[in-house]
Amino acid sequence: MARAAPKNKVWRVGFYIRLSREDKRGKEESESITNQRLILTDFLAQQDDGGEYIYVDEYVDDGVSGTTDEERESFQRLLADIQKGKINCVIVKNLARSFRNNGDQSYYLGDWFPRNNVRFISLYQQPVDTYKDPQYAQNIAVPVQGVLNEEHARGTSESVRRTLDKKREKGLHIGSFAAYGYMKDPENKNALIIDEEAAEHVRSIFSWFLDGMSKNAIVRKLNGSGILCPAAYKRSKGLKYKNPNADGGNPLWCAASVGNILQNRLYVGDMVQGRYRIKSYKIHVQETVPEEEWFVVENTHQPIIRRADFAHVQELLKKNTRTAPKQENPYLFGGFLRCADCGKAMARSAVKGNVYYYCRTYKDQSKLACTKHRIRHHDLEYGVLYAIRKMVYIAVEFSEMVSRINAVSIQKSRSVRLNEQIAAKKKKLAKIRYYKQEIYQDWKDGEISQEDYRYMQENYERQIETVNDAIHYLNMEKAELERGTDAENSFPSVFGEPEDTGKLTRELLIALVEQIKVYENGNIRIKLKFANEYRRIAEHAPKIHTNSEAI
């Protein structure tokens, strides 16, 4: 039974107001912070039940989900003020403003608020006043409303996720901030354009790494030059960017940030999204998504880095490139050496002016698990250089081989491969054209805005142009093949002239060598990058018997 507040009852009132992310996207004025504030203020002004109502403060969570307490800073502040005795009456527009998790609603209404002697008032949907009608808070209608609110949150979350996934599939950028090196297009929030100031530093990072600098050496160079790290740079541009790992007075570059840039496909013009996701609408914890589930759309924006350079960098990143003490460049054989028996990397050790390599399993784990596989640096360098020189001389004779190959079946094989590639490109072209037609219907059905439609239409037109260019060049290659094999091939050109291989350098290793295996007896086995191409040629030139892989 309802009861009136006694005249001497003093209520210290706090308004709780929340605007969810979904409310912000929908821009519904009925749920706006201003509207909620007016409703609560009017209600408080109309109270004439004899109690004394003292407005203390309002607690506003702007753009925050109601399904979790931890992310709602103002809600946490409200609870703290209640425990301090500053607030003993909380007023909200409706239950959904405070709770969209039915379990939390039951906990606070049935336990936490009563234990802390708090009066809770909700004005709409299922009106609740735990002081005037304490029994109604336990009425079946209230938990039912809590279930409905939770179901609404789940449905809304799924709807938003589907909408965002559809945009990701079409290559639209949906992040709050553009990656370092890019900025959001002022004319299209879902498109990226190059930020030249930051892009220049991205190009430098790739260039330095390709020149042999380690990630730590790049970090020292960037910080020593006073170049702002991505987080600090975004803040310097007036963006409200938050990064838990970069918070502080003066965030700096670190190896992780350099590594992330070197591995980001965005810089070759591909949109890569969906690498992380929130676990569920209730559990706001970010989890990593397997790479095969990412949303990747090629050629959506202007590249900063050439694809060939990016691919080269990815190869280098797979290698263990330890840097020599107080040096900027990695060791000569860093990342190339493997034990032929256990497969582990080789350890480097300097003894009395000489450098040796040992099996890491034997050296660091157990002398019973493997053997030494010891080899001196000088002998290793000599053996590898000898193998590369042999390949150089073979490459010089390559043009002569080509004239023989023109008369054999490899020409037919290449023609078949080119026809398959042309057919695949034409299939891709038809698919892109289908998507281009499909977005028109999406626009008409109201699933995407006119702005998004225009951007996606332009994006598909760019993709169509790119594929048409690829088909054109494949047709040119096919026509050239029919006239005769081109002697200018990547296999010989990368080796250069015999005079260029007087000294073994890391650049030469990176360009030519995949891996070097070291055997217990001191023998080595070198896997060259062009071994397969060499074999293909050698099959059609039987007089050549050199083994390009085993030295």
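The values are calculated or read from the model by the stated rules, or taken from the named source; none is laboratory data. Since the model is a prediction, treat every value here as computed from it, not as a measurement. Counting neighbours? That spans all protein chains shown, and the Cβs are built from the backbone with ideal geometry, glycine included. These area figures cover heavy atoms from the full protein model, side chains too; ligands, DNA and RNA do not enter into them. Shrake-Rupley method; radii C 1.70, N 1.55, O 1.52, S 1.80 Å.
For region 171-318, how many pairs of lysine residues have a Cα-Cα distance under 29 Å, where the two are 8 or more positions apart or belong to different chains?
29
Between rounded, prolate and oblate, where does region 171-318 land on the alpha carbon gyration tensor, with a ≥ b ≥ c its root eigenvalues, rounded for a/c under 1.5, else prolate if a/b exceeds b/c? List each step's numbers first, then the result.
Details: a/c = 1.36, a/b = 1.19, b/c = 1.15.
Cα axes put region 171-318 in the rounded bin.
Could you state how much accessible area W208 has, in square angstrom rounded to the nearest 10, with a 1.4 Å probe and all protein chains kept in place?
Near enough 50 Å² of accessible area.
Computed FRET efficiency, Cβ-Cβ of A423 and W294, R0 30 Å: what is it to the nearest 0.05? Before the final figure, lay out each step's value.
Working: r = 27 Å, r/R0 = 0.90.
Efficiency for this residue pair is about 0.65.
Ranked from highest to lowest mean number of other Cβ atoms within 10 Å per residue, what is the order of the peptides 118-128, 47-57? It would help to have the intermediate numbers written out before the result.
Numbers: 118-128: 19.0, 47-57: 13.6.
Packing proxy ranking, top to bottom: 118-128, 47-57.
Separation between the Q83 and N35 pseudo-spin-labels, each 7 Å from Cα along Cα→Cβ, expressed in nm?
Placing both labels 7 Å along Cα→Cβ, they lie 3.5 nm apart.
With θ set to phi - 60°, apply the Karplus curve 6.51 cos²θ - 1.76 cosθ + 1.60 along region 421-429 and write out the HN-Hα couplings as whole Hz, x wherever there is a Gly or Pro.
Karplus values, whole Hz, x for Gly and Pro: 5, 4, 4, 5, 5, 5, 5, 5, 4.
Kindly sort F177, F99 by accessible area of their heavy atoms, largest first, with the probe set to 1.4 Å.
Values: F177 70, F99 5 Å².
The most accessible residue leads, giving F177, F99.
Quick one: accessible surface of M346, probe radius 1.4 Å, all protein chains present, in square angstrom to the nearest 10.
20 Å²
What is the local net charge at K426, summed over the other residues whose Cβ is closer than 12 Å to its Cβ (Lys, Arg +1; Asp, Glu -1)?
Neighbour charge sum, excluding K426 itself: +4.
Within the set of other residues whose C-beta is less than 11 Å from the C-beta of F310, count the net charge using Lys and Arg as +1 and Asp and Glu as -1. Walk me through the numbers on the way to the answer.
Values: positive: R265, R306, R307; negative: D270, D309, E315.
For residues surrounding F310, the net value is 0.
Which value, in Å² rounded to 10, gives the accessible area of Y362 with a 1.4 Å probe and all protein chains present?
Accessible surface of Y362 is approximately 50 Å².
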